[in-house]
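Only one structure is covered here, and it is reproduced in the block below.
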Amino acid sequence: MALSYEDFSKKMRSRLDAFPEITYYLQTLVYGNDFTSQGYTFLEGHQGGVYDVTFNKDGNFLASASRDETVRFWRKTGDFSFQPIESSSLKFNSYVWTVRFSQYGIVTGDAGGCINFWNEEDLLAGKEPGLIKSLTIGSPNNPVFRISFDPTRNYIAASTLNEEVQLWKITLSLSRQGGKIVAPVKDIETGEQKRFSHGGEVYDVNFNPLSSSSYFVSAGMGNVVKYWDAELDSNQTPREFVPESSAKDLIVYKTSFSYPDSSGSAENQMLASANSDGTISVWRISTGELLQTLTHSFNKTAVYSSGRKAVFGVAFSPDNRILASTGDDRTVKLWSVHDWKQLRTYWHRDALNRLSFGPDGKLLASASADGSVWLYQIDAIWDNGDDVVIEQLLRDSYHFLNPEGA
């Protein structure tokens with residue numbers, strides 16, 4: 001006699017509670033490589049782990065940076081689909097840690113210590129990539145991990161392993177090729193350079209998106225996030241945001257600012273950090289108050305043999321309703337900013353690195369260590385949280401394993 005669905009569901013739920021990471025393998029068994037019914041899908045093309053992923057300002061293009069020494073570009077072809085722009089891949093001689101769309105073009109930072117500015121129009125049109133400007137700020141032993149921009153004040157900041165953030169003011173000279181203006185890329189005068197000492201390896205640098213703010217954060221080793229004013233000298237004493245953790249030698253891998261409200265007020269703006277102890281810290285910037293410490297549900301069988309349980313990525317949605325996080329436990333988690341409850345968990349076959357929301361907040365992208373880029377339909381989660389999705393998965397699993405029913 002076939003097992004009833006009620007008994008099947010009870011047994012499977014107990015197994016999923018004990019070993020939640022098998023959710024991914026159950027999905028693969030039932031749905032193959034088509035996860036769209038579960039609200040997510042993936043893009044393939046890289047031959048190594050993906051370190052960074054980002055949308056352009058209108059959300060119609062996606063860029064991904066990889067361990068395979070390339071940056072790939074993807075064009076949106078539907079509400080939930082992107083196709084690669086094969087002719088526009090950028091090839092390097094080292095890992096590429098970060099890629100950004102900016103008003104100065106597409107900007108990359110690599111393991112060779114270089115920041116490169118590329119012609120965005122040509123790349124997204126599938127033309128021969130045009131290198132507009134190159135800066136060497138590090139070396140193979142001092143890679144460029146992150147790049148951030150302050151568009152209202154024309155600052156660019158970069159983080160490296162040498163325990164400092166380097167910052168430049170970008171001037172207003174136009175870059176030309178063959179008499180043609182290719183981009184409003186500005187010369188970066190080394191005389192304008194500032195160096196801000198973080199006191200440990202710097203894995204993230206991030207400008208506050210408020211137009212009235214000239215502040216940025218540095219994060220990395222040292223169990224602290226430092227908040228600097230780009231307009232002041234580098235010998236200033238920064239504000240510090242310290243995660244609440246008992247871990248020794250805590251590392252902060254990534255930060256995210258909440259977005260300005262309609263009034264542009266900074267009063268309720270938040271700052272979140274992704275921490276190496278498996279937690280996410282959230283502060284109110286104006287007061288420094290630690291609002292919340294969120295914890296991933298790390299299962300020991302899901303964590304690499306290294307024993308790491310880090311959260312590598314964190315991002316606020318553009319409407320500030322959701323905080324997304326991801327890390328070594330092979331999950332992307334979505335949290336409600338209203339009450340900090342967990343809304344949804346997406347399981348994967350490998351660790352996840354960075355996260356990026358599309359500009360309208362309907363899509364989220366993640367960079368995976370397995371070489372893929374994952375996409376998530378965020379606007380669907382309010383009606384399809386974990387309970388709904390798991391129930392559907394169990395019903396589909398039951399019919400897949402027992403097609404005759406019972």
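Each reported figure results from applying straightforward, stated rules to the coordinates on display, with no laboratory input. This structure is a prediction, so every number in the text was calculated from the model and none was measured. Cβ atoms come from the backbone with ideal geometry, glycine included; neighbour counts cover every protein chain shown.
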Chain lengthening between residue 391 and residue 121 when straightened (0.36 nm per residue, less Cα-Cα) | 92.7 nm
Round to the nearest 10 and give me the degree value, 0 to 90, for the angle of helix 5-18's Cα axis relative to the longest principal axis of the chain.
-> 40
Which trypsin sites (Lys or Arg not before Pro) from the range 328-362 combine a DSSP loop assignment with at most 12 other Cβ atoms within 10 Å?
-> 341
Loop-resident sites, the range 1-89, for trypsin sites (Lys or Arg not before Pro), counting at most 14 other Cβ within 10 Å (DSSP) | 57
Cα-only Debye scattering, the range 302-399: base-10 log of I(q)/I(0) at q = 0.12 Å⁻¹ = -0.40
Which trypsin sites (Lys or Arg not before Pro) in the range 201-269 pass both tests, a DSSP loop state and at most 11 other beta-carbon atoms within 10 Å?
-> 248
Post the alpha-carbon centroid distance, the range 124-151 to the range 6-83, in whole angstrom.
-> 27
Run the quick spin-label model on residue 17 and residue 91: label points 7 Å from Cα toward the beta carbon, then report their separation in nm to one decimal.
-> 5.4
With only helices counted (DSSP H, runs n ≥ 4, each -39500 (n - 2.57)), the per-residue ellipticity at 222 nm for the chain, to the nearest 500, works out to -3500 deg cm²/dmol
Magnitude of the Cβ-charge dipole of the chain, K/R +1 and D/E -1, about the Cα centre, nearest 20 debye?
-> 420
If we count other beta carbons within 10 Å of each Cβ, what is the order of 396, 150, fewest first?
-> 396, 150
On a 0 to 90° scale, report how tilted helix 386-401 is relative to the longest principal axis of the chain, with both axes built from alpha carbons and the result rounded to the nearest 10.
-> 50
Using +1 at the Cβ of each Lys and Arg and -1 at the Cβ of each Asp and Glu in the chain, identify which of 220, 87, 358 lies farthest towards the dipole's positive end.
-> 87
0 to 90° range, to nearest 10: angle between helix 22-31 axis and the chain longest Cα axis = 80
Could you tell me the distance between the Cα centroids of the range 308-336 and the range 199-225, to the nearest Å?
-> 18
In nm, to one decimal, how far is the residue 28 label point from the residue 268 one, both placed 7 Å along Cα→Cβ?
-> 4.3
Mind listing the Cα extents of the chain along all three principal axes, in Å, largest one first?
-> 80, 48, 43
Give me the distance in nm between label points sitting 7 Å out from Cα along the Cα-to-Cβ direction at residue 4 and residue 81, one decimal.
-> 4.2
